Amino acid sequence: MVQDFLTGRRAEIMQLLDRRQEPARTRWHKVVLDPHIHDRTDQTPAMSIAPSIPAWSPSLEVGNAIIDADHKETVELLAEAAKASDADLPAHFTAFAQHLRDHLAREEELMHQYGFPPTPIHVHEHNRVRLELEGIAKRVAAGNLALVRGYLTEVVPEWFINHKNTMDSATAAWIRSQGG
Ligand SMILES: [Fe+2]
Ligand SMILES: [Fe+2]
């Protein structure tokens, strides 16, 4: 039964990983991670500017107290960052990046503690996000506020919902199946 559950989830997880190949996402990665691209606003990828940050509600829970507490904080920090002035945005990004690094590390501790079988796939995705945070931090330091704002109001919210619904939900379900 656990095997059936994992097989189903693994397909979902692999589907999510494939989504990284989407053109818009690829463009973002190129800009965020390529150190040779100058910080000019005309090189910021075209993205919708409509904020898509969800308000926290129990419907967002995955059923693990540690993960849900982190996800609530993620949503709250994103909502605060979306309202920040340009002057305050760098500090909001720094606080968010620190939170997300701690959040990812706590999930990885749980995965190791409960022997979550697809741990390498989940950690691989976390490592991709860590790299993204490093790239964005450099853009903040260079004063590219448009890119940082787009990252916090569009890229992260979309990623967060997808990641929560697949890898984090699968991890929480596995922990429950192990009595955690
Ligand atoms: Fe998470
Ligand atoms: Fe995760």
query: Among E107, E125, which comes first, second and so on when ranked by fewest other beta-carbon atoms within 10 Å?
result: E125, E107
task: Calculate the spin-label point distance for R130 paired with K72, positioning each point 7 Å from the Cα along the beta-carbon direction, and give it in nanometres.
output: 2.7
query: Dipole magnitude of region 52-136 about its Cα centre, charges +1 at Lys/Arg Cβ and -1 at Asp/Glu Cβ only, in debye to the nearest 20?
result: 120
task: Could you list which residues have their amide H under 5 Å from that of N64, counting only those 5 or more apart in sequence or on another chain, with H placed in the peptide plane?
output: none
field: Estimated vicinal HN-Hα couplings, Hz - region 70-77 in sequence order (Karplus 6.51, -1.76, 1.60; Gly, Pro = x)
entry: 5, 5, 5, 5, 4, 4, 5, 5
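Values in this text are rule-based calculations from the coordinates and carry no lab data. The structure displayed is predicted, hence computed values, not measured ones. Every residue, glycine as well, gets a Cβ built from its backbone with ideal geometry; the counts of neighbours run over all protein chains shown.
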